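Since the structure comes first, as structure tokens, the remarks are kept for the end.
The values are calculated or read from the model by the stated rules, or taken from the named source; none is laboratory data. Bear in mind the structure is a predicted one, so any value in this text is a computation, not a measurement. As a convention, Cβ positions derive from the backbone with ideal geometry for all residues, glycine included, and neighbour counts pool all protein chains shown.
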Amino acid sequence: MKLSQYFVKTSKNVPADETARNAQLLIQAGFIHKEMAGVYAYLPLGLRVIDNIKQIVREEMNAIGGQEVQMTTLQPKDIWEKTDRWDDKKVDNWFKTKLTNGTELGVGLTHEEPIVDAISSYISSYKDLPFSVYQIQSKFRNELRAKSGLLRGREFIMKDMYSLARNQEEHEKLYEQVAEAYHAVYKRLGLGDSTYRTYADGGIFTERFSDEFQTLSDIGEDTIYLDEAKGVAINKEVYTDENLAKLGLNKQDLVEKKAIEVGNIFPLETKYTDALDVYYTDEDGQKQSIIMGCYGIGVSRLMGVIAEHFADDKGLVWPDNVAPAKVYLVRIGASDEVVKQADALYEHLTSNGIDVLYDDRDMRPGEKFADADLLGIPYRIVVSDKTVAADTYELKARTADQAEQISFAEVSKTLGIVA
RNA sequence: CGGGGAGUGGCGCAGUCUGGUAGCGCACGCGGUUUGGGACCGCGGGGUCGCAGGUUCGAAUCCUGUCUCCCCGACCA
């Protein structure tokens, strides 16, 4: 993309109505637009980041057999009444609305009920199970207080997967597969080293624990106790002597840390399938309950977490896999040779599948460098009269202190272009 | 929902206490000088001060109500 044609501009001023670093930076850099508290729109570069995160999640879910669907945001009341989750006293953060004829509707805040309802017509025999379905979609929750930018919104993007199994053993296997896939997701997002599987409250329906994936962060809302050697943690909310014993954790091995929840998987047992009257017939012709698990990853929250986690005093620093572009091409000056060479490099990189932000604007070098840093693009390449004269390109990684002068071939090699 | 802070050109702010119809920086337009880390000079356009009502000769400024935003807490299927 040529920046001279890009409609978004960065700002020198930090928005006054945000104190969360992720929101400040993302707004300043023009990745998101605040619509209202807890509700953000994604501008072109922000949308690219969201899409990159979604794609990684999608690939990992597909890899373990997840089948993607897209459920609806508008929800009928009846299925939620069957599980006793329609009443505002039971679930207080519903957004609800009405048809003109008065029929009440809900605005989707999670999708256990509609998923189970939708797939019920395809399950009758043990041969139809197990399987997992997932979707990546906006959720709406009427939080009393939105806060921390993208970390806690009223409208946010989430991946939610649901597994259906014939028995506990089969369920456990799926559940552990998803846990592994989650680790793979965080690793690819660059958060692998700081994200831990964490025992947490399983909810009101079960005696079991759920598993959260917590990324260590000072801005986190959660307090966890981490056993670094084992690579697992326990949430403060279930931190009791009894639970430690049950989980085989020793108090002296645990360190208290602040963390932000970037994923949560939990066993639903047969709560929803039974309530919605969905069963299967086993080999012996007997009616059996279906065991469910549900698995969430906050896609938009992850964008905020990653933004805040890697940022430095100059701005955003995106890991390669989620960056909205790989290269920020700075053209300094507008002499014929410089324009020619910069255009040619842009063509070369683009035609080799590399996303480039080409700063062809008529601005001073300092502003371009500042934007390159603020936007957090992994590599910056400069083409100027100097580099043209020396027959080199100047390349600097966003995280590097020094730029280096390298040849065209070396540029291609660094960026992974096979000659 | 309880407590605290704040709403003034697109963005960031001053002015409010001590009423007299609005100012600065950034951004924007024009002209010129500049051009490797957010340049400089000159000229210029743009707001009636969140909204509603009230007090007053006169309200951004005082009073009442209301909406919104941020922070702390509670809450978080």
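Structure summary
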| item | result |
| --- | --- |
| Test result for residue A:333, in contact (Cβ under 8 Å) with a residue 24 or more places away in the chain and in contact with a strand residue (DSSP E or B) (Cβ under 7 Å, 6 or more places away or on another chain) | no |
| Number of positions in segment A:1-29 that are without any contact (Cβ under 8 Å) to a residue 40 or more places away in the chain, within 12 Å of RNA strand B (Cβ to nearest atom) and not hydrophobic (A, V, I, L, M, F, W, C) | 7 |
| Leading residue by the ranking (farthest from RNA strand B (Cβ to nearest atom)) among those in segment A:30-40 that are more than 15 Å from residue A:7 (Cα to Cα) and under 18 Å from the mean Cα position of the chain (by Cα) | A:40 |
| Criterion violated by residue A:379 - all others in (1) touching a residue at least 60 places away in the same chain (Cβ under 8 Å); (2) crowded, with 16+ Cβ neighbours inside 10 Å; (3) under 31 Å from the mean Cα position of the chain (by Cα) satisfied | (1) |
| Test: residue in segment A:88-97 that is over 21 Å from residue A:158 (Cα atoms), over 23 Å from the mean Cα position of the chain (by Cα), away from RNA strand B (no atom under 16 Å from the Cβ) and surrounded by fewer than 16 Cβ atoms within 10 Å (Cβ to Cβ) | yes |
| Single residue of A:170, A:180, A:176, A:212 found to be touching a strand residue (DSSP E or B) at 6+ places or on another chain (Cβ under 9 Å), within 28 Å of residue A:70 (Cβ to Cβ), away from RNA strand B (no atom under 16 Å from the Cβ) and among the acidic types (Asp, Glu) | A:170 |
| Residue that is nearest to residue A:32 (Cα to Cα), among those in segment A:310-327 that are aliphatic (A, V, I, L, M), within 16 Å of RNA strand B (Cβ to nearest atom) and part of a loop (DSSP other than H, G, I, E, B) | A:316 |
| In segment A:384-408, residue nearest to the chain's Cα centre (by Cα) [restricted to those that are near RNA strand B (Cβ under 7 Å from one of its atoms) and not in a strand (DSSP E or B)] | A:403 |
| Subset of segment A:167-212 [crowded, with 18+ Cβ neighbours inside 10 Å and of a type in the set (Lys, Arg)] | A:188, A:197 |
| Selection from segment A:360-369 of residues that are surrounded by fewer than 16 Cβ atoms within 10 Å (Cβ to Cβ) and either closer than 27 Å to residue A:321 by Cβ or near RNA strand B (Cβ under 6 Å from one of its atoms) (or both) | A:364, A:365, A:366, A:367 |
| Residues within segment A:175-232 that are of a type in the set (Val, Ile, Thr) and over 24 Å from residue A:311 (Cα atoms), tallied | 5 |
| Which numbered condition residue A:114 fails, given (1) at pLDDT 95 or above; (2) within 11 Å of RNA strand B (Cβ to nearest atom) | (2) |
| Condition broken by residue A:13, with the remaining ones in (1) closer than 27 Å to residue A:119 by Cβ; (2) in a loop (DSSP other than H, G, I, E, B) satisfied | (1) |
| Strands (runs of 3 or more DSSP E) lying entirely in segment A:212-296 (those with 2 or more residues that are under 23 Å from residue A:176 (Cβ atoms)) | A:222-227, A:232-235, A:255-269, A:287-289 |
| Selection count where residues are surrounded by 20 or more Cβ atoms within 10 Å (Cβ to Cβ) and over 20 Å from the mean Cα position of the chain (by Cα), scope segment A:131-141 | 0 |
| Number of positions in segment A:60-83 that are touching a residue at least 40 places away in the same chain (Cβ under 8 Å) and not polar (S, T, N, Q) | 11 |
| Residue satisfying condition, being β-branched (Val, Ile, Thr), assigned to a loop (DSSP other than H, G, I, E, B) and modelled with pLDDT of 95 or more, within set A:381, A:377 | A:377 |
